[in-house]
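Contents: one structure, followed by commentary.
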Amino acid sequence: MQGGTPEQRVEAIQAGDEAQREAFIVQYRPFITKTASRVCRRFIDPERDDEFSVALAAFNEAINRFTPNAGSSFIGFADTVISRRLIDYRRQEMRHAQSIPYSSFTDDEDNGQGYLNRMENAAAVEVYEQSREAEDRRAEIAALSERLADFGIRFTDLVDHSPRHRDSRLVLLRIGTRLGQTPELWQMLTEKRQLPVKELCIIEGVSRKTVERHRKYLIAVSLIAAGPYPCLRQYISLEYDKQEGTPS
């Protein structure tokens, strides 16, 4: 079975072949390292970095949770799980940095240094948080660019295919979000690498011309809505925050 596809090997492990789990994880250790390094935007050393342990646990989680009818390959599913767990880990690290008590820093109220230390610490935490959020956004953009490439789309294409008018943009954001959050439509997109134009037109009540004209934009929105891109999803939400209501 070691020569089978990743999906076949995962199926065997889930069926009780635990002897194969360790060999499977060892074989995909380079993939785990590469994925963790891409998400973190720096090389992750398996021997020293905690991020590798997080990614390793996420890969094992993916083995346990993968289902063949999910509409994606095991490698694609594992990539998503690893990305999400690393993003969660980094956010927890940021919250921990914010929760460090001021008393743990030098405090000398007599000469006013205590107040300055607290102010400097608060400013440092804010800068650190902003820096990590910027890194998260860069990592998400890099990951999304790779995912878009599967559909023959470049990130720069979105500039030319984005709707210019806000009303049109809101409609397309709604359609793209629906596509990413509807299992049947999402499976059609990921399995055939084709936009389910007919189905979207019927469900959303829009013209075929509208959907086909903005194909690349709709695919990008659906990938953001369904993937491990919390930072990029905020940009989708901002469009709806400007008016009453939320994306359906």
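Between R169 and R48, the contour length at 0.36 nm per residue exceeds the Cα-Cα span by 39.0 nm.
Dipole magnitude for the stretch 30-91: computed about the Cα centre from +1 point charges on Lys and Arg Cβ and -1 point charges on Asp and Glu Cβ, it is near 240 debye.
Summarising the label geometry, the points placed 7 Å from Cα in the beta-carbon direction at R91 and V159 lie 3.0 nm from one another. The amide H of V206, built 1.01 Å from its N in the peptide plane, has no neighbour under 5 Å, considering only residues 5 or more places off or on other chains. Residues E199, E140, E18, ordered by accessible area of protein heavy atoms at a 1.4 angstrom probe radius and largest first, appear as E18, E199, E140.
Modelled spin labels at E199 and A134, positioned 7 Å past Cα toward Cβ, are 4.1 nm from each other. Per residue, the accessible area of the stretch 1-58 comes to 58 Å² when a 1.4 Å probe rolls over the protein heavy atoms.
The values are calculated or read from the model by the stated rules, or taken from the named source; none is laboratory data. Quantities reported herein were computed from a predicted structural model and do not represent experimental measurements. Here Cβ is always computed from backbone atoms with ideal geometry, including for glycine, and neighbour counts include all displayed protein chains. Calculation scope for accessible area: heavy atoms of the full protein, side chains included, ligands and nucleic acids excluded. Shrake-Rupley method; radii C 1.70, N 1.55, O 1.52, S 1.80 Å.
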